[in-house]
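Just so it is clear, none of the values below were taken in a lab; they were calculated from the coordinates. Here the structure is a predicted model, which is why all the values come from computation and not from measurement. Virtual Cβ from ideal backbone geometry, glycine too; neighbours counted across all protein chains shown.
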Amino acid sequence: ADNRTELVASMLTDFRSLVDRFGFIPNGTRTYYLSRSQPPFFAAMAQLQPLTGQADDAALLDALKTEHRFWMRGTACLPKQGAGACERVVRLSDGTVLNRYWDARNTPRDEALGPDLATARDAKRPRPQLFRNLRAAAESGWDFSSRWLDDPLRLSSIITTSVVPVDLNSLLYQLERE
C-alpha cells in the first residue's frame, strides 16, 4: 500500500534465508525457538512481490515448497486409515487432511519457564502434554487466547493440539495455491 517494495523484497530474502537454514521459519531467531514455526504467512508475503522471471523467483518458490513440506511432514506417520494426528498434520475420519499447531518439544518454554511451571501446578494431566500445548499456542501467535482453552478461566486446560484452526488451514491453502 505504501510502495515499500524494497522492504518487502528484503523481508522475503530474510525469511527465505531462514527456510534455507532450518527448513521453516522459526517462531523467533533464538535457538530455543527451533522446535516451532511462525504461522505460515510466507506465501501471503510472497504475493506482495511480483515475479520477475529471475533466479530469485525460483529460489522463492523453492522456499515456499520447503515450508509446505515442514507443515506436512507428519503425513508420513499418520495412520493409514481412519482419523489420527501426527506432528502438525491431522486426518479426519472422512480422510480430509488438515493441520494444527504443534511443537516438537514437550518441556516448559525457555522464554517462559516460571509461568509454565506455575501453570503446571494447576494442571490435572501429564506435564509433557500441558507443555506441548503451551508451546503450540505460542507457535500460533494467538498465545494465549481462550480459543485454545477447554475451560476459559484456566490456562492449565489448554488444548491447542486438539484444535484444527480454520485460520491456519486457510494460510496453508494459500501456500498450496502458490
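Under 5 Å between amide H atoms, partner at least 5 residues away or on a different chain: which partners does Asn99 have, H built in plane at 1.01 Å?
Val90
When the helix-only estimate is applied to the chain (DSSP H runs of n ≥ 4, each -39,500 (n - 2.57), divided by the residue count), what is the mean residue ellipticity at 222 nm, nearest 500 deg cm²/dmol?
On the way: 6 runs with 77 residues, N = 178.
Result for the chain: -13500 deg cm²/dmol, rounded to the nearest 500.
Quick one: what are the phi-derived ³J(HN,Hα) couplings along the range 126-133, Karplus 6.51/-1.76/1.60 with θ = phi - 60°, whole Hz, x for glycine and proline?
Each residue's phi maps through the Karplus curve to give x, 4, x, 5, 4, 4, 4, 5 Hz.
Compute the Cα gyration tensor for the range 22-178, then decide on rounded, prolate or oblate, letting a ≥ b ≥ c be the square roots of its eigenvalues: rounded whenever a/c is under 1.5, prolate when a/b is larger than b/c in the other cases, and oblate in all that remain. Let's see the in-between values first.
Numbers: a/c = 2.22, a/b = 1.56, b/c = 1.42.
Prolate is the answer for the range 22-178, as a/c is 1.5 or above and a/b outweighs b/c.
Between Ser93 and Met45, how many nm apart are label points set 7 Å from Cα along the C-beta direction?
Calculated label separation equals 4.0 nm.
Taking the chain as a Gaussian network, where each spring joins two C-alpha atoms under 10 Å apart, which residue of Ala137, Ala46, Ala118 fluctuates the most?
Residue with maximal mean-square fluctuation among Ala137, Ala46, Ala118: Ala118.
Treating the Cα atoms of the range 108-178 as identical point scatterers in vacuum, please give the log10 of the normalised Debye intensity I(q)/I(0) at q = 0.21, 0.25, 0.27 Å⁻¹, two decimals.
These q points yield log10 I(q)/I(0) values of -0.84, -1.10, -1.24.
Can you list residues from other chains, or at least 5 along the same chain, whose modelled amide H is less than 5 Å from the amide H of Leu149?
Here Ile159 satisfy the definition.
Return the sequence-ordered ³J(HN,Hα) values of the range 37-45 in whole Hz as given by the Karplus equation 6.51 cos²θ - 1.76 cosθ + 1.60 applied to θ = phi - 60°, using x for Gly and Pro.
For the range 37-45, the Karplus-derived couplings read 9, 7, x, x, 8, 4, 5, 5, 5 Hz, x marking Gly and Pro.
Taking the chain as a Gaussian network, where each spring joins two C-alpha atoms under 10 Å apart, which residue of Asp94, Asp14, Asp167 fluctuates the most?
Judging by the Gaussian network model, the answer is Asp94.
How high is the relative contact order of the range 1-148? Use alpha-carbon pairs under 8 Å, at least six apart in sequence, and give a whole percent.
Working: 172 pairs, mean separation 26.6, N = 148.
Reported as a whole number, the value is 18 percent.
Could you work out the Kirkwood radius for the range 100-141, taking every pair of different alpha carbons, averaging 1/r and inverting it, reported in Å? Write out the running numbers ahead of the final one.
Working: mean 1/r = 0.0988 Å⁻¹.
One decimal place: 10.1 Å for the Kirkwood radius.
For the range 135-167 and the range 1-57, write down the distance between their C-alpha centroids in whole Å.
25
Sequence-distant or interchain residues sharing an amide H contact under 5 Å with Ala85, placed H: which?
Long-range HN contacts for Ala85: Arg91.
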